[in-house]
Each structure stands twice: as C-alpha cells, then as structure tokens.
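Have a look at the structure below, then the notes.
The values are calculated or read from the model by the stated rules, or taken from the named source; none is laboratory data. It should be emphasised that the depicted structure is a prediction, and the values quoted were computed from it without experimental measurement. Here Cβ is always computed from backbone atoms with ideal geometry, including for glycine, and neighbour counts include all displayed protein chains. Ligands, DNA and RNA are stripped out before the accessible areas are found, and what is left, the full protein with its side chains, is counted by its heavy atoms. Shrake-Rupley method; radii C 1.70, N 1.55, O 1.52, S 1.80 Å.
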Amino acid sequence: MDTTKTPDAPEAETTPADLTKAEPAVEPADVEPTAEPAAAELADEDLSDDEFADEQAEAQESGHVGSAAFGIVAAGLGAVALSGSWIGGIVAERARVTSQLKLSQAADVNAQIAAQFVDPWHTTALVNGLFSALALIIGILVLALPALGTPQRTLPAWVRSVSWAGVALGAIGVLLFVLMYFDLLLAIPAPAAG
C-alpha cells in the first residue's frame, strides 16, 4: 500500500483567514432562542390527566397534615377544658390542702369555707381557663394559617370544621373561666347569720 501523494492532486493550502471567509457569520439576532419547556412542564405532559390530578391531591394532602393535627389538638384541649382534667383535679386538691394547712384551730367559718371551697374552685377555673385559652389560640392559628402563607391554599373542609370546633370550645371555656374565677357563675356559700 503506497501512502505517498500523487503529483496529480494539488494540495489545498488553507490559512486561518480563508477559514473565516468560508464559514457564514451568524449574528445573535438571527438566531431564534429555542424554547425548552421546564422540567415540571415536561413531567406534566408525560402524565395523564388522572395521574396528574392524583399527584396534585397527594401534594396538597401532605401539606395539610400539620394543620389537621393542630386542629384536632385545639378541639381536644377545648373538650378537656370543659370536662375537667386530671391536672386540674390535682392542682385543686393541692390548693385545698395548702389552704387547710394555713388555717388555725380557731378560724372562723368564712375562712374554712374559703379553704374548702373557694381556693380549689378558683384553682380549677384557672387550669381550665389555661386549657381553653390554648385551644382558642391554636384553633385561630390553624384557621389563619392559609391567609398568612399562600392565599390560594385552602384547608380541607374537615380540618376547618375541627378547628372551628376547637375555637368554639375554647371560647366557651374562657367564658366559663371568667364566670367561675370571679364568682359570677355560683355564689360563694355563706354561713347562716346568727
């Protein structure tokens, strides 16, 4: 195999100037930008309508888990505040014992009534009032969360319902706290005169 050049074929000499003349110049204005769809649009086109709707529903549901949990907590705290709690019972009993220890043997009837009834009553009202206030605050925050975040985001109907229940129970509990603590609901027992 002969690798030598034949004298018949003239060798073409090219210079860098010739190369630039040979290629047509392309101006940036002549080039149209290729519009490539975003990755999210490509993914949406690849999915069928049903699959896309399912994906969107799953994404929205996962975003509402925290709101749903706090709505249930608000309703639970409101129910506990109205029905009484184990903590409230212990704190009221402690207030009763503390008041009795402060009494002397010669204490009058009003002091004994205060030790046996008024102090535990007020302590129970205070604990239930705290539970009610927590239920009210948490319920309001859950309902206000979509307005504070993205306005187009709405909570599912059942989450809003449970949160409204927490707000209602909390408001009733706060009202009962005020009535109990300031002795407006039931009068303090008084001894018979004479």
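What the table shows:
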item	result
Among (1) of a type in the set (A, V, I, L, M, F, W, C); (2) modelled with pLDDT of 90 or more; (3) open to solvent by 70 Å² or more (accessible area, probe 1.4 Å) - the single one Leu101 does not satisfy	(2)
Within the range 78-89, considering residues that are of a type outside the set (A, V, I, L, M) and part of a helix (DSSP H, G or I), the one surrounded by the most Cβ atoms within 10 Å (Cβ to Cβ)	Gly78
Filtered residues of the range 138-156 (kept if open to solvent by 60 Å² or more (accessible area, probe 1.4 Å) and either free of Cβ contacts under 8 Å to residues at least 60 places away in the same chain or assigned to a loop (DSSP other than H, G, I, E, B) (or both))	Ile140, Ala147, Leu148, Thr150, Pro151, Gln152, Arg153, Thr154
Members of the range 130-160 found to be modelled with pLDDT of 95 or more and among the small types (Gly, Ala, Ser), listed by number	Ser132, Ala133, Ala135, Gly139
Matching option when the condition is modelled with pLDDT under 90 and open to solvent by less than 50 Å² (accessible area, probe 1.4 Å), among Ala75, Ala57, Ala92	Ala57
Hits in the range 90-106 (condition: touching a helix residue (DSSP H, G or I) at 6+ places or on another chain (Cβ under 8 Å) and small (Gly, Ala, Ser))	Ala92, Ala95, Ser99
Any chance Val118 is surrounded by 13 or more Cβ atoms within 10 Å (Cβ to Cβ), over 20 Å from Arg94 (Cβ atoms) and of a type in the set (A, V, I, L, M)	no
Residue that is surrounded by fewer than 18 Cβ atoms within 10 Å (Cβ to Cβ), at pLDDT below 95 and either hydroxyl-bearing (Ser, Thr, Tyr) or not in a helix (DSSP H, G or I) (or both), where the choices are Ser67, Ser62	Ser62
